[in-house]
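Encoded as structure tokens, the structure appears first; notes follow it.
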């Protein structure tokens, strides 16, 4: 079936085969850029509404005071996943996320981003020290990272592919009104999958940086206690000087 097969479209430099999934991914990316430029010219307020929606989704999922470092990545992830899931609704196109290669790439980007944000927040040494502490839990942590990647990839791939398959099968049997209804259901599923993937990514990033927030509070309390101690020491010095 065409939904499952991903044929080679052309070969780049004579050595790199480019499959249809890559071409459709490029088309989705070009469509996003074109759509943003058109909205910026025609209705810029709508772009602000989209940004507010993304910030609201990230804010609900993350327990962080400053969301600015995470909005560009999570917003891009949400928009790309949503547009990729919707691509199959356009005649002649396939959803790039219906290919396991695409979803695996997105999962790897998320997993690596979690560690990058964690190292930027805490510093490489402190982050990996906390990651591998206690040391006997390190193998379990590594297994958890692998299973997290597989879970993210398979969840998105399975849901998008199943939706496209159902629409294709129903359309081949009853090519009239019912496939339209199934396409609407597939659209709703695509929106939900984009939301779930972005929320999970936000939760993973939040778990990687939240310990540092506690450390900052402890440091702030330590500074406060130190300042109080200095105040009392200064009072005692003044009393001794007067005495």
_Any chance residue 147 is within 18 Å of the chain's Cα centre (by Cα), exposed (fewer than 14 other Cβ atoms within 10 Å of the Cβ), within 29 Å of residue 185 (Cβ to Cβ) and free of Cβ contacts under 8 Å to residues at least 60 places away in the same chain_ = no
*Name, by its number, the condition in (1) in contact (Cβ under 8 Å) with a residue 40 or more places away in the chain; (2) touching a helix residue (DSSP H, G or I) at 6+ places or on another chain (Cβ under 8 Å) that does not hold for residue 120.*
(2)
*Looking at this structure, is residue 184 modelled with pLDDT of 55 or more and either under 27 Å from residue 75 (Cβ atoms) or in a helix (DSSP H, G or I) (or both)?*
yes
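Going residue by residue through region 126-144, is there one that turns out to be closer than 24 Å to residue 97 by Cα and either more than 20 Å from the chain's Cα centre (by Cα) or at pLDDT 80 or above (or both)?
yes
For residue 44, are the conditions met, namely being modelled with pLDDT under 85, in contact with a helix residue (DSSP H, G or I) (Cβ under 9 Å, 6 or more places away or on another chain) and farther than 29 Å from residue 203 by Cβ? Reasoning before the result, please.
Details: modelled with pLDDT under 85: yes; in contact with a helix residue (DSSP H, G or I) (Cβ under 9 Å, 6 or more places away or on another chain): no; farther than 29 Å from residue 203 by Cβ: yes.
Judged against the criteria, residue 44 is not a match.
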*Is it the case that some residue within region 21-34 is touching a helix residue (DSSP H, G or I) at 6+ places or on another chain (Cβ under 6 Å) and assigned to a loop (DSSP other than H, G, I, E, B)?*
no
*Collect the residues in region 66-116 that are surrounded by fewer than 20 Cβ atoms within 10 Å (Cβ to Cβ), in contact with a helix residue (DSSP H, G or I) (Cβ under 6 Å, 6 or more places away or on another chain) and not in a helix (DSSP H, G or I), keeping them in residue-number order.*
67, 93
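Any residue that is in a helix (DSSP H, G or I), modelled with pLDDT of 80 or more, within 15 Å of residue 77 (Cβ to Cβ) and under 15 Å from the mean Cα position of the chain (by Cα) - is there at least one of those in region 206-216? Walk me through how you get there before you give the answer.
Step one: list which residues in region 206-216 are in a helix (DSSP H, G or I), which gives 206-216.
Subsequent filtering for residues that are modelled with pLDDT of 80 or more retains 206-209.
From what is left, the residues that are within 15 Å of residue 77 (Cβ to Cβ) are 206.
If we keep only those that are under 15 Å from the mean Cα position of the chain (by Cα) as well, we get 206.
Looking for residues that are in a helix (DSSP H, G or I), modelled with pLDDT of 80 or more, within 15 Å of residue 77 (Cβ to Cβ) and under 15 Å from the mean Cα position of the chain (by Cα), one finds at least one in region 206-216, hence yes.
The values are calculated or read from the model by the stated rules, or taken from the named source; none is laboratory data. Everything numeric here is computed off the predicted structure, so don't read it as measured data. Backbone-built Cβ (ideal geometry, glycine too); neighbour counts: all protein chains shown.
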